[in-house]
Every structure is written in structure tokens, then in C-alpha cells.
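**Student:** Dropping the structure in here first, questions after.
Each value in this text was obtained by applying a stated rule to the coordinates, not by laboratory testing. A quick note: this is a predicted structure, and the numbers were derived from the prediction, not measured. Neighbour counts are summed over all protein chains in view; Cβ atoms, including those assigned to glycine, are modelled from backbone coordinates with ideal geometry.
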Amino acid sequence: MNILIIGVGGFIGSHLSDEIIYNHEDWRVIGIDITSSKVDHLLSKKKFKFIQADILKDFDLLEKQINECDIVFSLAAIASPLVYVQDPLKIFELDFEANLRIVRLAAKYDKRLIFPSTSEVYGMCSDEEFDEETSNFVTGPVCKQRWIYSCSKQMLDRVIYAYGIRDRLRYTLFRPFNWIGPRLDNIYNENSGSSRVVSQFLSNILHGGNINLVDGGKQSRCFTYISDAIEALIKIIENNDNCADKQIFNIGTPYNEITVKALANKIIEFSRKYEKIKNQVANIKIVNADSVEYYGQSYQDVFKRVPSIKKAQNILKWMPVVGIDELLIKTMDFYFK
Ligand code: NAD
Ligand code: UDP
């Protein structure tokens, strides 16, 4: 089976490729990305082919690769709140327009499409647990540009769903809830607010900066370790009895819910054991940051985001096993050991 992974050089793409190359003999990866830095270790593998290309420009190449593969993963996107507020059209052009082109090509060539939606589509939904079939999507006004990512993904979910009905597109949508692990982001980049929260805090510690708790850090997230997440994606690829066809799955770890403030404290506590950052940790300060000053006027936060994973449990027979302490330590080992 030839699996095309567009955005192969990213966090999820690189871990998915590792799992396929090392543990699934009959599967092959054709990876497309503008950079190969997170998959350089796979470049010499026979079952791995990397093509450097830009999905905003290299349309003929993209069409040829989609035509020739069996399954398409479309992982190329920007998923950084700072960019949602600073350059929303970039999100629209890449996350929506370029990905829509890929969806259409998958429908045209009758390929299975496995597509990342996001926990962000639920926005500020007040449900205790977000449910794929019943929860409402709650976003803010247009001036709160943060929601352009959520809306881009939501619209693609709806388009893919509609292609499933009209053109019988075989798709699976998965919604990651804050997946974390080695290679998450480049923590060597000192720009505040440029990374997802865990990598941002690790970067702050590495550079001896303050840890900023946006609006006090009372908001919570449920972090999922990348190996658990990849196991779910593998079950989706395997698709026993076509169980994943035309389904949407939350892929998250409800029992790993933690406030941002508690997360900061845990990361600082764990940081003390690494020689590389011991000195910086001793001086680190946790400070409150006003969201408007930190992200800008057009930011709005999600206060609580907990997935229901009943569907993934029942249909995919998937259950995450890595707890919050273990996933933080594994991630920190990668960066600091
Ligand atoms: P990532 O930023 O690590 O990877 C994205 C990859 O896309 C990068 O390697 C980047 O170089 C590539 N890319 C960007 N522009 C490109 C272009 N024009 N042409 C070709 N490649 C390009 O992101 P990730 O965490 O691996 O996320 C993958 C997908 O999953 C995204 O659609 C994201 O929105 C979604 N997602 C991820 C999470 C999470 O917890 N990691 C949460 C929700 C949704
Ligand atoms: N956050 C924070 N300090 C930071 C970076 C992020 O307090 O330096 C908060 C952010 O406001 C949000 C949460 O951490 O409430 C998670 O942020 P992330 O960027 O990982 O993305 P999200 O889960 O909101 O998509």
C-alpha cells in the first residue's frame, strides 16, 4: 500500500512515517513537504520517498502523486495561534484553499482521504466533553481572527462530508486534542508565543525567559502523547471491516486534563533534573500575561477542551495509555537529555 503523506516533515507526519517504515512491512510512504528536517533519518530507507514540494505552487506534481497513491494524508497546515491572529489570510490560503485542492483531487481519483480536523472546531463549546456527533461549534466574532483556523478546518470537515455523500469519497476525519512529543516544535526559536504551549514553555526555560500564563493560566487542555495518537492513525489506516470510513474521531486523552498553570509548575519541577537547563530553571519566573498584550486584540481563548473518545474506543478499539507526567518527561528527555 502506498501512503501519501503531505506535510510529512512535520510533527505528526514524521512520527507517522517512523511507525509505518519501521513496523509495517507492506506499507510505503511517499512524503511531500517543503522541508525534510524531521524525516532526514528516513531518507535512506527503501520504503520512504521524499519529494520536496510546495502545495501552494506545485499543483501538477501534487495531482500526479495523489493519482498514484492508495491513501492520502493531508497534514500540511499552520497550527499556531500566533499566526491565526497575525496573518489570518496565510491560514486561509494554506489550511483551507490548498487543502481544498487536495480534497478535490482525492475525490477526483477516488482515493481514501485521512484528514486532520482539529479540536479547535469545537471552539468555546461549553459541553463537559466534546462529542463528534452532538457538540456545537462555538466561535467568536469576525474581529477575533483566532477563529480563522477553526472555521477553515470546520468548512473542510463539511466539504469532505459532502463529498462523501455526493461522490462517495472514502474519508476519515480525526480531531487531535493537543498532541505532544519529541519534535513537536523548534524550541530553539526564542520568539515568544511562536509555538504550542508545551514547546513554548520549554523554549522559555532554555532561553532563561519568563513563563507566561495567558490570563492567569486557569484554562485547561488534555494532552495526548504522540505514540498513543499514532496508534489511532494506524488503526484508521488498517480500517478493519471499513470501520473508519466516513467517520469523525476525536483523538485525545480526557484523563490528562490539566490547567496551563499546573502544566507550567510540572514542567518547571521536571526541568530540575536536566543538566542542560538546571541553571536556567533556578531563575525562571512564572508571570501572568494579559492575552491582548501577549497575542493581540483578535485573540480569544478556549477555557476548557475535553474530548469524548467513546467513538474511537468503540469503533477503532483505541485507548490512550500515556499519562501527563510520563508524556511531559518523554518530551523533555528528547529536548534536554
Ligand atoms: P506541523 O507544523 O508540525 O507540520 C506541518 C508540516 O506542513 C510542516 O512540516 C510544514 O513544513 C509543512 N508545510 C507547511 N506549508 C507547506 C507547503 N506550502 N507545502 C508543503 N508542506 C508544507 O503540524 P502538525 O502538528 O504535524 O499537524 C499536522 C496537521 O494536524 C495540521 O493540519 C494541523 O492543523 C493538524 N492538527 C494538529 C494538532 C496537534 O496537536 N499537533 C492539533 C490539531 C490539528
Ligand atoms: N498559553 C500560555 N502561555 C504561552 C502559550 C500558550 O498560557 O506561552 C496558553 C494559551 O493561551 C492557551 C493554551 O496555553 O490557553 C494552549 O495554547 P496552544 O498555543 O498550545 O494552543 P491551543 O491549545 O489553544 O490551540
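**Student:** Any chance you could run the full-extension gain for GLU326 through PHE303? It's 0.36 nm times the residue separation minus the Cα-Cα distance, nm to one decimal.
**Tutor:** Residue separation times 0.36 nm, minus the Cα-Cα distance, leaves 5.9 nm.
**Student:** Moving on to the next point. Could you pull the Rg and Dmax for the stretch 212-266, using just the Cα atoms, both in Å?
**Tutor:** Reported Rg and Dmax, both Å: 15.6, 47.
**Student:** May I pose another question? For a Förster distance of 22 Å, can you work out the FRET efficiency between the beta-carbons of CYS143 and GLU97, rounded to the nearest 0.05?
**Tutor:** Efficiency for this residue pair is about 0.50.
**Student:** Over what distance in Å are the Cα centres of the stretch 27-63 and the stretch 91-169 separated?
**Tutor:** Each part's Cα centre sits 24 Å from the other's.
**Student:** Antiparallel versus total DSSP beta bridges in the chain: what percent is that, nearest 5?
**Tutor:** Counting only bridges with both partners in the chain, antiparallel ones make up about 10 percent.
**Student:** Something else: To test your reading of the geometry: what angle, between 0 and 90 degrees and rounded to tens, separates the Cα axis of helix 59-68 from the longest principal axis of the chain?
**Tutor:** The angle comes out near 70 degrees.
**Student:** Suppose a student asked you for the relative contact order of the stretch 83-139, using Cα pairs under 8 Å spaced at least 6 residues apart; what percent would you report?
**Tutor:** Dividing the mean separation by the residue count of the stretch 83-139 yields 21 percent.
**Student:** Right, something else. Which whole-number percent is the relative contact order of the stretch 11-81 (Cα, under 8 Å, 6+ apart)?
**Tutor:** Reported relative contact order: 27 percent.
**Student:** What number results when the radius of gyration of the stretch 90-153, computed over Cα atoms, is divided by 2.2 N^0.38 Å?
**Tutor:** This ratio for the stretch 90-153 stands at 1.30.
**Student:** Just from the alpha-carbon atoms, what are the Rg and Dmax of the stretch 1-93 in angstroms?
**Tutor:** Over the stretch 1-93's Cα set, Rg and Dmax evaluate to 13.7, 43 Å.
**Student:** Let me ask something additional. Just the ratio, please: alpha-carbon radius of gyration of the stretch 91-226 over 2.2 N^0.38 Å, N its number of residues.
**Tutor:** That works out to 1.22 for the stretch 91-226.
**Student:** From the alpha carbon gyration tensor of the stretch 220-337, can you work out the equivalent ellipsoid semi-axes (sqrt of 5 times each eigenvalue) and give them in Å, largest to smallest?
**Tutor:** Semi-axes from the Cα gyration tensor: 33, 20, 11 Å.
**Student:** Between ASP58 and ASP245, what is the label-point separation in nm under the 7 Å Cα-to-beta-carbon projection?
**Tutor:** Here the modelled spin labels are 3.2 nm apart.
**Student:** Here is the link list: LYS278/LYS330; LYS285/LYS330; LYS111/LYS330; LYS218/LYS317; LYS218/LYS276; LYS144/LYS246. Which ones come out longer than 27 Å on Cα distance?
**Tutor:** Among LYS278/LYS330; LYS285/LYS330; LYS111/LYS330; LYS218/LYS317; LYS218/LYS276; LYS144/LYS246, the Cα-Cα distance tops 27 Å for LYS111/LYS330; LYS218/LYS317; LYS218/LYS276; LYS144/LYS246.
**Student:** Over the stretch 148-269, one equal point on each Cα, no solvent: what is log10 I(q)/I(0) by the Debye formula at q = 0.13, 0.16 Å⁻¹?
**Tutor:** -0.67, -0.90
**Student:** Also, I was wondering about something else. If you average the sequence gap of Cα pairs under 8 Å that are 6 or more apart and divide by the length of the stretch 229-327, what percent do you get for the contact order?
**Tutor:** Once normalised by length, the contact order is 47 percent.
**Student:** Among 145-157, 261-273, what's the highest-first ranking by average C-beta atoms within 10 angstrom per residue?
**Tutor:** So the order, starting with the most tightly packed, is 145-157, 261-273.
**Student:** Using only the Cα atoms of the chain, what semi-axes does the equivalent ellipsoid have when each is the square root of 5 times a gyration tensor eigenvalue? Give whole Å, largest first.
**Tutor:** Semi-axes, largest first: 31, 23, 20 Å.
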